[in-house]
Each structure stands twice: as C-alpha cells, then as structure tokens.
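S.K.: The structure is given below, and queries will be raised subsequently.
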Amino acid sequence: MASVTLQGVRKSYADVGVIHDVNLEIDDGEFVVFVGPSGCGKSTLLRMIAGLEDITGGEISIGDTVVNEVAPSKRGVAMVFQTYALYPHMTVYNNMAFGLKQARLPEPDIDRRVRAAAEALHITEYLDRTPKALSGGQRQRVAIGRAIVREPEVFLFDEPLSNLDAALRVNTRLEIARLHQRLGATMIYVTHDQVEAMTLADKIVVLRDGRIEQVGSPIELYENPQNAFVAQFIGSPKMNFLPAETLAKDTLKALGVTARPGTMVGIRPEHFRTTAAAKALVSATLELVENLGEYALVHLLTEAGKEIIVKMDSPPKQAAGEVIHLTADKASLHRFDQDTGARIS
Amino acid sequence: MNQKTIFARFIRPSLAWGVAILFFFPIFWMVFTSFKTDADAVKPEYLFLFTPTFENYVNMTENYDYWRFAVNSVITSVFATVLTLVVGVPAAYAMAFDPGRHTKDILVWMLSTKMLPAAAVLYPMTFLTKNFLGIFDTHFLIIIVLSLINLPIVIWMLFTYFKEIPKEIIEAGKMDGVNIWGEIKDIVLPLAWGGLASTALLCFIFCWNEAYWTVRLTTTEAATLSKLIEGNRAPEGLFFGRLSAVSTAAVGPIVVLGWFCQKQLVRGLTFGAVK
C-alpha cells in the first residue's frame, strides 16, 4: 500500500506544455478519479505516474520514493489499458503470468497467484484460450487480472470501461468498486464519464487544459463547485447557467441573493421547482418533454432566449408553447463571475 | 447472351490466359531448350520436334562445376539474409516504436539509396575491393554487398509490419518489466512473425537473383549461379542448349522455394496495401 504525491509536475512536448504545475496528494488506499474533457491531460498524467511518459519538471513520489527515474515495472504500479493491450499470442494464463515471470518469481508462486486472480474474476475456464477467443468483457477481466497478480501498491486504470457496451459497463464498474473494497489498494482511475467519477471516487480531480480545476469528494464537487467549468462538468444533465439580469429582481431579493450584473447564476436541473407567476425566479416556454418514467426532463426556453433543462418527478401539465414559472432554494443557487467563471461566495 | 456475359465468360478469361502465357512462355522456352543439344537449339526444323537429351545437365555438373556455384549462392544468400535481418530488425524496431523527429527523413533517405545507379559506383567498388581492401572475390564481400543492397527494403518492410503492432501492447510489456531484448524476443517478433518470414524470404530471393555485383565482384572463389549463367553466355558461339540448362538449374531452387511459400510471399509483396 502506498500514497502518491505529485509536486509541481509539468510535462511538455517540444515547446508545448500539456501539464502545468500539478500538485496532488493521494492517500494510501484512496480511490481517485481524474476526470475532464478529452485533451485535458488526464491520461498523460496517469501515464507519467505509470512511467510511460517522461516527466519534464517536478516530482512524483510513490510511498516515500521519488520515482521520476524509476522504470515502470519497479514502481509498484500496475496498469489497465483502455484497449486491454493483452498479448495476442499468449494464452490468458500466460498473459497474467508474463509479468511475474519477468520478475523471476518461483513457478508455484506464479501459479498460485494466477489461479487465485482467475478465480476471483471468474475466468478460470478461459485460462488456456488466447485473447482472440474472448469477448470484450472477458478480455477486460483478463486485463484486470494481469494487474491484480502483480499485487501492486497502486492500480492505474486508463478509461477501462469505454470499449464496453452500456450494460457491461455498469457491471464492470461495480466489480472495480468491489475490487477496491476487497484489496484496499490505492487506485487512480481516468475517465471522461462523470457518472463513473461520481460513483467510484473517494476523491475526484477535475482537469482542464493540463491544470487541476478542483479536487474534492464527489459530493463536495456537486454541492460546491469552485468554478463554472467544474459546475457544468459534474452532474447530469448539466447545470443551467442564467445571466443575473435575466432573473426576476424581486424574487432574488426575497431569497436574499445579491447578483450584480456580470454574474451568472447556476441552477441544477433537479433543483428547479414550479411556482406561481409572482414568485417566479425565471419564466420559460415549454419546448419538449423527455419522459423517462422515473422522472421527466423538461426543455424550456427563457424570455431571454436561453435554453434550460429542468428535471421533474412527473411530466408537467402544461403543453408545448405554454409558460412555466420556476424558482429554486437559495442554497441551490451558485453564483459565478461571467468572465472568469470563478465562484462568487 | 448479353454483352456483359460475353465479356465475363469469354473475353476476360482469354485476356487472363493471354497475359499468363506471355509471362510464362520465356520460362517454358528456357526449360524446353535445355533439353536440346546446342546444335538442335538453333535449327528451325527442330523447333518443337527433337530428341530430348540430358547432355547439357550432365555436362554442366561434370565440366562446369555447377555445385560449387550453387553452394556459393546458398552461402552468400543465407548469410546475407541473416545479416540483413540482424541489422534490420533492431533498426526497424527503433524507428517504429521510438521514432525521433527525423525518422521519416531517414526512411526516405534509405530508400533513395536504391535510386543510385549501380554502375555509378562500379569503378570505386572494384578499385577499393581489389586493390585496397583485398577482399575481391570473397564470400565476405558478396555477403556484405548483398546485405547493403537489400537493407533499405528490408527495413521498410519490417517497419511497416512493426507499425501494425499496437503501441499499448509494447507499453504493457514495459509495465510487466521486460527489457529491450525481451520486448523484441517475446512480444514484437512473435506478433510480427508472418511479416518477418515473408521479409526474410523476399530478401533471400533478391540475394539469389542478384546479378550485377555478383558477376562483377567475383571471378571463381565466391562466384554464384548468376556468374555461371554469365560465363556460359559465350560471345562467339550460341550455346543456347547449355545456357538454358544452366539457367534452369539456377532458377530452379528459388522457384521451388517460392512455390512452397506462396502465401507468405503474396503477403510480403503486398505489404502495406492490405492491413
């Protein structure tokens, strides 16, 4: 078991910086998710921890050891790749045993570890097959098995679910959560899917353009996003942003919220509720309802021409083209600077 | 019968046969002529009707030392192929998996060496090897020359095959702790085995058939079958029977080899075209 520490970590290709001064503390046994849009540097950062990318500046430590110059296999980490990256010419057994053979472990030890991992992942019956003869989900298990047998201190996952279909993705996500519970190892997980981030993480790291935007528990990020980027990235459907001047002044005053011009107010779809015209924070025309049974997503257009989404328990009575009056609690209004996106508290 | 079926049923097969016969005819004629005596070979009345004889083949092995040339061909082609792969595999590996800023330029430059007319360096090559290095007419020289000639095309082919291996598999190997030789031995070569085999085969065929340098840089010691054919092309007389027998015996082994490895060869020749 080990903690992972990143201090002033930088990475650039030629003159182009892709990771800028990242500082991060990952505790022993923590499940940390790097999340962000594609190209934000989350995979690069993970690969730097793995040792597959050089570190241009700063220090990465695993446990008490600075690993900047340590070979990937000597860092006590194991990685699960997005494409699985199994050895196509080896059987499942040898795929899992390969790393242990490289480390010159005694044969009985290798056999015991491989069989135990196969047992846990329900792939024992496939041990003699090659990856070609396996389904996507089975290959993913082998890839995870290959990581487990090495008994690493830190597991690294690079978008491990993105090649699986929706149903399998949910199952495998649960299995990874169980694996973390069972092994208690430190895990770092990269994804662009905020649902994976919310469900798996002890701690989420939101990245944009090679910089950390915010670090915190899923609920902290949901309730207290530090800027508009994090606010719209965490939560689904996305948070609605409305310029302060388009909101009813009297209602704002009644709620005790001051919102100067140049401020945008963010309200999550699930925090809106309908109200009388006089008490409305914003009034909008109903455009479309997506009824999912359990809840309904209501698409509206405000008088100022902004699209908003409201999540309701049941579809509204109003028909398309009619006006719906909406408000929300003070606690669920997030104010951000319109130019910088920074939170105004 | 409409026009399309006429084309499909008669014209297209006829054209295909026509082209096939056009290509095959010289080879057929060579084998055919090798069973005629030198005298019969030039007489029009014996064009098709003649008494077959093995005289040329017997003559070739007894008087012209066919086996010595054949052994030289085998030695130079095998060693040149091995040497080319020993240099080519690491070179292609480096360029495929750890490309630098100038890798593309190097690849193009290597290929450009094939554009140099061989005749342009004939004099320096002969002078250097004969008068300066003293390695004229040695196996060593022929092996080196054949390797150098084939190295660019071999590196290009291997580079293409290596490129087909996903980068992540190599990275998985790094995570598993293989060193660079383990990586080549346990991961790259097993995955590129088919490509490697066809590359080796093509390289061997090119070596075997090479004639420009093997004829000019040898006299007796390291002379290959190309030299034997060249030697039987007597300027004063037309010993077509003898020449045909020598040629047949020279191309025979490589044709048989090619026949057995057809599948690999096709893959090798169409490399890069089909993934």
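S.K.: For segment B:114-123, check the following and say yes or no: at least one residue is away from chain A (no Cβ under 14 Å), assigned to a helix (DSSP H, G or I), among the charged types (D, E, K, R) and under 23 Å from residue B:183 (Cβ atoms).
M.R.: We begin by selecting, within segment B:114-123, every residue away from chain A (no Cβ under 14 Å); these are B:114-123.
Still in the list and also assigned to a helix (DSSP H, G or I): B:114-115, B:118-123.
Next, only the ones that are among the charged types (D, E, K, R) stay: B:114.
Retained after the next criterion (residues that are under 23 Å from residue B:183 (Cβ atoms)): none.
Scanning segment B:114-123 turns up no residue that is away from chain A (no Cβ under 14 Å), assigned to a helix (DSSP H, G or I), among the charged types (D, E, K, R) and under 23 Å from residue B:183 (Cβ atoms).
S.K.: Here's a follow-up. Which residue, of A:129, A:169, is part of a helix (DSSP H, G or I), out of contact with any Gly (no Cβ under 8 Å at 6 or more places or on another chain) and among the charged types (D, E, K, R)?
M.R.: On the way: A:129 fails: part of a helix (DSSP H, G or I).
Exactly one residue qualifies, and that residue is A:169.
S.K.: Which one of these is touching a residue at least 12 places away in the same chain (Cβ under 8 Å), in contact with a strand residue (DSSP E or B) (Cβ under 7 Å, 6 or more places away or on another chain) and within 13 Å of chain B (Cβ to nearest Cβ): A:150, A:146?
M.R.: Details: A:146 fails: in contact with a strand residue (DSSP E or B) (Cβ under 7 Å, 6 or more places away or on another chain).
The match here is A:150.
Here is a yes/no grid of residues against (1) of a type in the set (Gly, Ala, Ser); (2) without any contact (Cβ under 8 Å) to a residue 40 or more places away in the chain; (3) within 30 Å of residue A:152 (Cα to Cα); (4) in contact with a His (Cβ under 6 Å, 6 or more places away or on another chain):
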| position | (1), (2), (3), (4) |
| --- | --- |
| A:184 | yes, no, yes, no |
| A:199 | no, yes, yes, no |
| A:205 | no, no, yes, no |
| A:218 | no, yes, yes, no |
| A:254 | yes, yes, no, no |
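S.K.: When segment B:187-211 is examined, which residues are found to be within 12 Å of chain A (Cβ to nearest Cβ) and buried (at least 20 other Cβ atoms within 10 Å of the Cβ)? Reasoning before the result, please.
M.R.: Step one: filter segment B:187-211 for residues within 12 Å of chain A (Cβ to nearest Cβ), giving B:187-194.
Of everything in segment B:187-211, those that are within 12 Å of chain A (Cβ to nearest Cβ) and buried (at least 20 other Cβ atoms within 10 Å of the Cβ) turn out to be B:187, B:188, B:191, B:192.
S.K.: Of everything in segment A:36-94 that's among the polar types (S, T, N, Q) and part of a loop (DSSP other than H, G, I, E, B), which residue is surrounded by the fewest Cβ atoms within 10 Å (Cβ to Cβ)? Can you show your working first?
M.R.: Just the residues of segment A:36-94 that are among the polar types (S, T, N, Q), to begin with: A:38, A:43-44, A:56, A:61, A:65, A:68, A:73, A:82-83, A:91, A:94.
Subsequent filtering for residues that are part of a loop (DSSP other than H, G, I, E, B) retains A:38, A:56, A:68, A:82-83, A:91.
Working: A:38: 8, A:56: 14, A:68: 15, A:82: 17, A:83: 17, A:91: 17.
The qualifying residue surrounded by the fewest Cβ atoms within 10 Å (Cβ to Cβ) is A:38.
S.K.: Yes or no: segment B:95-106 includes at least one residue that is surrounded by fewer than 18 Cβ atoms within 10 Å (Cβ to Cβ) and under 25 Å from the mean Cα position of the chain (by Cα).
M.R.: Yes, that holds for at least one residue.
S.K.: Do we find a residue being buried (at least 18 other Cβ atoms within 10 Å of the Cβ), part of a helix (DSSP H, G or I) and not charged (D, E, K, R) anywhere in segment B:124-137?
M.R.: yes
Here is a yes/no grid of residues against (1) on the phi > 0 side of the Ramachandran plot; (2) touching a Phe, Trp or Tyr at 6+ places or on another chain (Cβ under 8 Å); (3) at the interface with chain B (Cβ under 7 Å from one of its Cβ atoms):
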| site | (1), (2), (3) |
| --- | --- |
| A:60 | no, no, no |
| A:73 | no, no, yes |
| A:84 | yes, no, no |
| A:95 | no, yes, no |
| A:100 | no, no, no |
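S.K.: Can you name the number of the only condition in (1) assigned by TED's automatic domain parsing to the domain that holds residue A:25; (2) over 26 Å from residue A:191 (Cα atoms); (3) of a type outside the set (A, V, I, L, M) that residue A:285 fails?
M.R.: (1)
The values are calculated or read from the model by the stated rules, or taken from the named source; none is laboratory data. Remember, it's a predicted structure, so these values are computed and weren't measured experimentally. In this analysis, Cβ positions are derived from the backbone assuming ideal geometry, glycine residues included, and neighbour counts consider all displayed protein chains.
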